[in-house]
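Contents: one structure, followed by commentary.
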Amino acid sequence: MFNEIDLSQIDLTAAAPAEEPERQYYFMALARTRTEELKKELSRPLTAHIETFGCQMNFKDSEKLQGILEEMGYTLIDTEEADFVIYNTCTVRENANLRVYGRLGYLHSLKKKNPQMMIALCGCMMQEPQVVEKLKTSYSFVDLIFGTHNIYKLPELVSHALEVRGEKRMIIDIWKDTDQIVEDLPSERKYFFKSGVNIMFGCNNFCSYCIVPYVRGRERSREPEAILKEIRSLAADGVVEVMLLGQNVNSYGKTLKNPITFAQLLKEVEKIDGIERIRFMTSHPKDLSDELIQVMAKSRKICHHLHLPLQSGSSRVLKEMNRRYDKEKYLSLVEKIREKIDDISLTTDIIVGFPGETEEDFQETLDVVRKAQYDTAFTFIYSKRSGTPAAAMEDQVPQEVVKDRFDRLLALVQEIGRERSSRFLNTVQEVLVEEKQSSQKGYVTGRMMQNLLVHFPGEESLVGKTVRVKLKECKGFYYIGEQE
Ligand code: SAH
Ligand code: SF4
Ligand code: F3S
């Protein structure tokens with residue numbers, strides 16, 4: 001991919017191909033010429049660091065950014081003391097934003113020490129106009145800002161940023177939305193044996209508390225052929241587990257020219273040799289089909305784990321949240337799933353303190369938690385996101401009431417989680433080894449189909465392999481085992 005280009009002779013965009021991804025490969029080569037020169041000047045490598053906030057989507061995007069950076073000649077390192085730092089941000093709750101602002105001050109101090117340093121911000125937070133305004137006025141040391149719809153344009157943006165480096169100019173490129181999906185760009189994996197795979201982008205559900213549809217745009221599914229081609233090449237490269245990613249995988253394929261269901265896609269993925277485990281995230285209860293349950297129950301590869309966000313157990317609150325299911329529908333879905341797949345792990349997300357939530361509503365949530373018997377539940381305090389319908393609702397719940405409910409919910413979730421996870425004690429399970437244990441020498445950590453973690457004595461060479469492990473002790477949220 002590496003071409004010599006004399007930068008002084010060229011207008012950056014004039015010679016660039018108009019089509020993607022060819023255009024970005026052109027800019028990758030261009031940026032690489034520049035970074036090679038810089039490396040010679042400095043007599044050292046040029047380093048880059050990506051800090052990722054938020055969900056699996058963002059982590060996947062960061063792997064793409066990393067692949068591109070490496071192609072452009074950067075060496076990725078683990079610290080922010082680098083020549084190029086990217087923060088890939090999240091804005092789902094206020095806390096996420098505060099963390100980014102908090103760390104920008106630290107980045108500024110690093111930039112003062114290293115005149116080569118470039119700082120880029122991208123991700124969901126950048127899709128909010130008030131955030132970009134604030135950055136322009138109070139964080140002018142940032143070099144580059146881009147959003148969620150144009151991460152594939154990183155080579156082009158970096159080529160420009162390298163040109164104007166040192167001129168105190170901020171490059172800003174934010175798109176409101178896009179219907180484009182650019183395939184075939186480089187990507188770097190964190191783990192050699194497992195990988196996330198985007199199957200769709202954006203969200204059309206507009207849950208009334210949630211900012212994601214505003215910052216990630218409308219729902220778009222990737223063509224099944226593109227997904228299967230990517231998974232085949234991952235399998236050829238040693239990947240044994242894939243996690244299919246989307247904000248609501250159950251509505252995958254509905255908008256394609258040749259519509260296909262999520263369950264049909266899963267059946268195709270199942271056929272790919274080398275892939276041993278298939279996971280997916282996230283399932284919206286309103287669209288979970290009987291077809292999916294059947295396909296899961298029959299499959300040898302689809303993991304027996306379902307993340308099924310509840311958000312609230314109160315039908316009244318669920319209506320206000322625009323979730324389009326009620327307590328009864330949710331519980332009957334859980335029953336149906338458990339009937340067909342009896343060893344399934346169910347996990348969920350729950351929000352406490354949605355505007356107008358009463359103690360009675362909250363009791364309904366506790367009731368569902370008791371009945372659904374989650375292995376794990378991620379519990380969140382409601383965070384007001386400006387621009388969403390819920391932010392304008394009256395009756396925001398006082399903080400001390402929310403905190404008290406949150407503590408009670410967490411205690412129940414943990415109690416049930418502990419009981420649930422011990423159900424596999426003294427059985428032998430297939431465990432995919434993920435990493436060497438850092439806290440316990442001579443031990444490795446692996447994951448069961450049901451997403452539970454197992455620690456057992458073993459060599460690092462086991463990483464990426466599936467082994468049979470006898471579960472001897474349950475430590476609450478993980479097991480201690482011994483290889484059979
Ligand atoms: N698409 C996924 C959720 C993505 S956001 C789904 O529909 O399940 C991940 C989780 O963040 C949500 O499930 C929700 O529990 C939580 N969340 C989203 N907006 C929030 C807000 N304003 N306040 C608190 N938690 C929120
Ligand atoms: Fe947000 Fe709802 Fe979309 Fe999930 S489905 S991302 S909670 S709007
Ligand atoms: Fe956050 Fe964006 Fe994911 S807002 S939760 S990183 S889609």
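The values are calculated or read from the model by the stated rules, or taken from the named source; none is laboratory data. Keep in mind the model is a prediction, meaning the values are calculated, not measured. Neighbour counts run over all protein chains shown; Cβ positions are idealised from the backbone, glycine included. Side chains are part of the model used for accessible areas, which takes the heavy atoms of the whole protein and leaves out ligands, DNA and RNA. Shrake-Rupley method; radii C 1.70, N 1.55, O 1.52, S 1.80 Å.
Here are the numbers for this structure:
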item: Residue-level accessible surface for Leu453, protein heavy atoms, 1.4 Å, Å²; result: 50 Å²
item: Accessible surface of the chain, 1.4 Å probe, proportion on carbon and sulfur as whole %; result: 49 percent
item: Prolate/oblate/rounded label for segment 341-465 (Cα gyration tensor, a/c 1.5); result: prolate
item: In degrees, nearest ten, helix 129-138 long axis to first principal axis of the chain (Cα); result: 50 degrees
item: 1.4 Å probe accessible area per residue over the chain, in Å²; result: 45 Å²
item: Lysines with Cα under 26 Å of Lys436, excluding same-chain neighbours fewer than 8 positions away; result: Lys60, Lys64, Lys190, Lys194, Lys301, Lys465, Lys470, Lys472, Lys475
item: Modelled FRET efficiency - R0 45 Å, Arg324 with Ser43, Cβ distances, 0.05 increments; result: 0.15
item: Theoretical ellipticity at 222 nm over the chain - DSSP helices of four or more residues, -39500 (n - 2.57) apiece, nearest 500; result: -11000 deg cm²/dmol
item: Ordering of 138-150, 39-51, 320-332 by burial proxy (mean other Cβ atoms within 10 Å per residue, highest first); result: 138-150, 320-332, 39-51
item: All lysines inside 26 Å of Lys403 as judged from Cα atoms, apart from same-chain residues fewer than 8 positions distant; result: Lys319, Lys327, Lys371, Lys384
item: Gyration tensor over alpha-carbon atoms, segment 139-275, equivalent ellipsoid semi-axes in Å; result: 31, 21, 12
item: Tail fraction, Cα-Cα pairs, segment 303-405, threshold 20 Å, whole percent; result: 38 percent
item: Fraction of antiparallel bridges per DSSP, the chain only, in percent to nearest 5; result: 35 percent
item: Peptides ranked, highest mean first, by Cβ atoms within 10 Å: ranges 272-278, 471-477; result: 272-278, 471-477
item: Student exercise, the chain dipole from Lys, Arg, Asp, Glu Cβ charges, in Debye to nearest 20; result: 620 debye
item: Karplus-derived 3J(HN,Hα), 6.51/-1.76/1.60, for each residue of segment 82-93, Hz, glycine and proline x; result: 10, 7, 9, 10, 10, 9, 9, 9, 10, 9, 5, 9
item: Prolate/oblate/rounded call for segment 391-463, Cα gyration tensor, a/c under 1.5 rounded; result: prolate
item: Cα-based shape type of segment 62-193, given that a ≥ b ≥ c are square roots of the gyration tensor eigenvalues and the cut on a/c is 1.5; result: rounded
item: Cα-centred dipole magnitude for segment 193-347, charges only on beta-carbon of K, R (+1) and D, E (-1), debye, nearest 20; result: 400 debye
item: Whole-number percent relative contact order across the chain, with pairs defined as alpha carbons under 8 Å at least 6 apart; result: 9 percent
item: Cα-based Rg and Dmax for the chain, where Dmax is the largest Cα-Cα distance (Å); result: 23.7, 71
item: Most to least packed among 178-189, 80-91 [average Cβ atoms within 10 Å]; result: 80-91, 178-189
item: Segment 1-147, relative contact order [Cα under 8 Å, separation at least 6], %; result: 19 percent
